[in-house]
Amino acid sequence: MSLKDRGYEDKVLRVNLTTKRCSTENLDPDVMRLLLGGKGLGAYYLYKESKPLADPFSPENPFVFVVGPLTGTSAPTAGRFGVVTKSPATKTFLDSYCGGFFGQTMKFAGYDAIVIEGASAEPVVLVVDNESVRFEGAADIWGCTTAESTKRLKGKFGADFQTVVIGPAAERLSPISGIFNDERTAGRGGAGAVLGSKRLKGIALRGTGTVQVHNPAGFDEAAWIAYRMLRMSNQIKRMNDHGTANILGLVNAAGALPTRNYQEGQFERSNEMTGEAWSKEYWTRSIGCYGCPIY
Amino acid sequence: MPIVAGKTVRLNRLFNPKDGRAVCVAADHGWMSDPTPNVIELKRILREVVSGGADGILVSFGTALRMGSLFEGKNAPALLIRADWMNLPRLGGSNVSNVLPAVNFKKKATSCAKDALLVGASAITIYYFIGYSDEFEAINIEQAADFAKECRKIGLPLIIEPMAVGAGVTGVNVTEILIASARIAVEIGADALKIPYTNDVRSFKKLVDEAGVPVLVLGGAKSDDPRDALELADEALRAGARGTVFGRNVTKAKDPRKMVADVCALVHHGRSVDEVLGARVKQRGRLRPIAANCTGCQLCEIACVHYHSSAFDQDSHRLRIEYKFRPDEPRLSKPIVCPLCEKCVEACNEGALTIGPEGYLVLDRGRCTSCGDCVPGCPLGLISLDSNAMPVFCDLCEGSPQCVAWCKPHAIVLAPPKGDRKNVS
């Protein structure tokens, strides 16, 4: 059974920013058997292609966008994508994940992973329209905020393109900068700064392909039960009502809330930052990511 | 032996002697939640539960004292008493800063079997936690054994509720731990179990078979869709469960009486979920969007695509979500769905596109000339041509619209057909 019949696209896009060359390659079926989801795939490429002691900001540091076999299907939260690279904040393995609408579009464009190598001399945007891949200059949006950059890229390429962009902090190599798809962020470990060091302002991507699962009837049944579990889960109810920050109070109580650069583990005004406080004071509307019942 | 007889008599009060099954309602939530409507209005809700035909109601000892009248009379439900509690949610759900780390958990008996018997209980229910620290598990076993001993002496049935929570429990091993904990609880002395569903029939059947005592399945958080709890009950019954102990899915339901009656229909009368709620399939009607509920997650589009094709894509859906972006405001979205306006029927000169006898659009493929007139004919732009130049249009999934079934916030609902105001879904 081929990988394409069971959730994968069996294709990796390799982009070299130094030479501006792009190529595609297939996944290794023997290796795929050992890897779990997009996270495993990203870790595999980072492990395979990192050089020892390479600086996270050097062109040798590979940067991988990944999606998993469930991405693009009706499985809950199947629009998420991950980024894997060496972190400028911790100087070690970094994986960060992001909701929104980029993940499934990358899958429908036909890619399980996009491996970014090298570094560009000038700011660029990568434009992927299914099989066709090209670079566009990004001097005009270099320095723009993520919201402004997203708006301009969608204006330029069309609303059916999904984007990921970095903002001014990432351009200035801040080790806490993220990567944004619309208002959603892959925020961990300073992944944005790695793209900043490569002068890749963003990716605009369109996908009109398909994702195939091996046993559609069995898949549907499992997906339906998974959604039911989410609808009947105490934890998901808290997520719906108060967002990811619903655990902030617990974290603070446990003394694990980094405060003043972790000189302390508890913040005296944490009750103003809990999910409860947020949802009460600031929420106006629940908006969902692709295929996600948690909002 | 009189003691065994005592247990049998009381279990027979809980489990319907005709079919050996029971529909129970858990209403011991005053323990664990902040005062929510289902806790404050408990008496009114429980009256409805009783009139719905519940076989048993689980309450704390304090509530049993205050609401004893609910359990009076020949046909009143059996009283089940929650006899233990622990100090996890010390001051309710909103004061999380006061919660304890798992290592400080203490579980305490809050009642004893004898007191429960004196207020007329048919059984007591206690927790059995598995997955925390070794010490905590040891205390749990000891306490459960103490309760079992006490219950045996006076002939009161013991219902144990195993809970797999803690650092050692993961999504991978939770089912295995639950199955093991069920058997451990029985070995300790449980006469029946209250236990969460394992989410598939096969593993739950294993749990039921290995337990060897009557198993009652619990519900969990309240779902917005009453079908969820009923489907769960139906699956558990197929796996051999002897009934249900639903809490919030009943006490927070819009109509607790109907919810209990629906569960009874499944448990005692062998009805199917579709028979109870009306089938999701083959209902006449038309789609109606409720934009205020839409979160823009596109799950309706995914469900639409997947119903009509085994593959997934994000282009061939027959409805769509439209977004509106305003500066500095959250994204707005609304579903654009086929309202069965029949403009496409008018646009088709060949008479190939018609409203079929079942009330949804059908295409006569022999008559269709692939002229494409229906495409601009749809004022909402919901019709396109596929690779064979045949129109792709909303056929209401042949009467069972998947967008309605999958949309959690009910942003797409099935409205009655034109001119029919009675058949509201």
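The values are calculated or read from the model by the stated rules, or taken from the named source; none is laboratory data. Everything quoted here is computed from the prediction, not taken from an experiment. Using ideal geometry, Cβ is built from the backbone for each residue, glycine included, and neighbour counts are taken over all protein chains shown.
Taking residues in region B:307-318 that are under 16 Å from residue A:215 (Cα atoms), and partners anywhere that are in a loop (DSSP other than H, G, I, E, B) and among the polar types (S, T, N, Q), the pairs with Cβ atoms closer than 6 Å and at least 6 places apart or on different chains are B:311/A:210; B:311/A:212; B:312/A:73. Return yes when residue B:263 is buried (at least 23 other Cβ atoms within 10 Å of the Cβ) and in contact with a strand residue (DSSP E or B) (Cβ under 9 Å, 6 or more places away or on another chain) and no when it is not. Answer is yes for this residue. Considering region A:157-170, the residues that are assigned to a helix (DSSP H, G or I) and without any contact (Cβ under 8 Å) to a residue 40 or more places away in the chain include one that is surrounded by the fewest Cβ atoms within 10 Å (Cβ to Cβ), namely A:168. Annotation: of all residues in region A:270-295 being assigned to a helix (DSSP H, G or I) and more than 9 Å from chain B (Cβ to nearest Cβ), the one that is surrounded by the fewest Cβ atoms within 10 Å (Cβ to Cβ) is A:281. Has region A:209-222 got at least one residue that is within 14 Å of chain B (Cβ to nearest Cβ) and within 22 Å of residue A:83 (Cβ to Cβ)? Yes, region A:209-222 contains a residue that is within 14 Å of chain B (Cβ to nearest Cβ) and within 22 Å of residue A:83 (Cβ to Cβ).
Of the residues B:42, B:79, the single one that is of a type in the set (A, V, I, L, M, F, W, C) and modelled with pLDDT of 95 or more is B:79.
Whether any residue in region A:85-99 is under 15 Å from the mean Cα position of the chain (by Cα) and within 13 Å of chain B (Cβ to nearest Cβ) is what I want to check. The answer is yes, given that some residue of region A:85-99 is under 15 Å from the mean Cα position of the chain (by Cα) and within 13 Å of chain B (Cβ to nearest Cβ). Considering only region A:96-127, state which residues are closer than 20 Å to residue A:7 by Cβ, assigned to a strand (DSSP E or B) and among the β-branched types (Val, Ile, Thr). Selection gives A:114, A:115.
A search for C-beta distances below 7 Å between a residue of region A:227-247 that is within 17 Å of residue B:225 (Cα to Cα) and β-branched (Val, Ile, Thr) and any residue that is surrounded by 19 or more Cβ atoms within 10 Å (Cβ to Cβ) and at pLDDT 85 or above, counting only pairs 6+ apart in sequence or on different chains, returns A:236/A:230; A:236/A:294. Just to be sure before I move on: is residue A:8 among the aromatic types (Phe, Trp, Tyr), in contact (Cβ under 8 Å) with a residue 12 or more places away in the chain and closer than 21 Å to residue A:215 by Cα in the structure I sent? Answer is yes for this residue. Yes or no: region A:237-253 includes at least one residue that is of a type in the set (A, V, I, L, M, F, W, C) and facing chain B (nearest Cβ under 7 Å). Looking through region A:237-253, at least one residue is of a type in the set (A, V, I, L, M, F, W, C) and facing chain B (nearest Cβ under 7 Å). Every test in (1) at pLDDT 95 or above; (2) touching a Gly at 6+ places or on another chain (Cβ under 9 Å); (3) of a type in the set (A, V, I, L, M, F, W, C) is passed by residue B:332 save one, and that test is (1). When region A:44-84 is filtered for residues that are hydrophobic (A, V, I, L, M, F, W, C) and under 14 Å from the mean Cα position of the chain (by Cα), the ones remaining, listed by number, are A:63, A:64, A:65, A:66, A:67, A:78, A:81, A:83, A:84.
For every residue, the table says whether it meets (1) polar (S, T, N, Q); (2) within 25 Å of residue A:248 (Cα to Cα); (3) modelled with pLDDT of 95 or more.
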position	(1), (2), (3)
B:87	yes, yes, no
B:93	no, yes, no
B:99	no, yes, no
B:106	no, yes, no
B:118	no, no, no
B:141	no, no, no
B:146	no, no, yes
B:151	no, no, yes
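Total residues in region A:113-140 satisfying the condition of being in contact with a Pro (Cβ under 8 Å, 6 or more places away or on another chain), in contact (Cβ under 8 Å) with a residue 40 or more places away in the chain and on the phi < 0 side of the Ramachandran plot: the figure is 5.
Contact map, region A:20-34: first residue more than 25 Å from residue A:126 (Cα to Cα), second residue part of a helix (DSSP H, G or I) and of a type in the set (Phe, Trp, Tyr), Cβ cut-off under 8 Å, separation 6 or more or different chains; pairs are A:31/A:44. The test for being within 12 Å of another protein chain (Cβ to nearest Cβ), in contact (Cβ under 8 Å) with a residue 12 or more places away in the chain and crowded, with 18+ Cβ neighbours inside 10 Å holds for residue B:232.
Against the condition facing chain B (nearest Cβ under 10 Å), crowded, with 23+ Cβ neighbours inside 10 Å, in contact with a helix residue (DSSP H, G or I) (Cβ under 9 Å, 6 or more places away or on another chain) and closer than 24 Å to residue A:13 by Cα, how does residue A:192 come out, does it pass? No.
Look at residue A:192 and say whether it is over 26 Å from residue A:131 (Cβ atoms) and modelled with pLDDT under 95. So residue A:192 fails the test. Residue pairs whose Cβ atoms lie under 7 Å apart, separated by 6 or more positions or on different chains, with the first residue in region B:387-409 and buried (at least 18 other Cβ atoms within 10 Å of the Cβ) and the second among the charged types (D, E, K, R) and outside any loop (DSSP other than H, G, I, E, B), are B:408/A:231.
Can you report the number of residues in region B:124-146 which are touching a Gly at 6+ places or on another chain (Cβ under 8 Å) and within 19 Å of residue B:28 (Cβ to Cβ)? Result for region B:124-146: 2.
Against the list (1) more than 9 Å from every other protein chain (Cβ to nearest Cβ); (2) in a helix (DSSP H, G or I); (3) in contact with a Leu (Cβ under 6 Å, 6 or more places away or on another chain), the condition residue A:267 fails is (2). Residues of region A:223-236 that are more than 8 Å from chain B (Cβ to nearest Cβ) and of a type outside the set (Gly, Ala, Ser): A:224, A:230, A:235.
Residue A:205 fulfils the conditions (1) in a helix (DSSP H, G or I); (2) of a type in the set (A, V, I, L, M, F, W, C); (3) within 18 Å of residue A:78 (Cα to Cα); (4) within 18 Å of the chain's Cα centre (by Cα) except for a single criterion, (1). Taken over region A:11-30, residues that are touching a Lys or Arg at 6+ places or on another chain (Cβ under 9 Å) and more than 25 Å from residue A:118 (Cα to Cα) amount to 0. Select from region B:246-279 the residues that are under 14 Å from residue B:218 (Cβ atoms) and within 14 Å of chain A (Cβ to nearest Cβ) and list them in ascending order. Those that are under 14 Å from residue B:218 (Cβ atoms) and within 14 Å of chain A (Cβ to nearest Cβ): B:246, B:247, B:248, B:249, B:250. Please verify whether residue B:357 is modelled with pLDDT of 95 or more, over 30 Å from residue A:78 (Cα atoms) and more than 13 Å from chain A (Cβ to nearest Cβ), treating the condition exactly as stated. Criteria not met by residue B:357.
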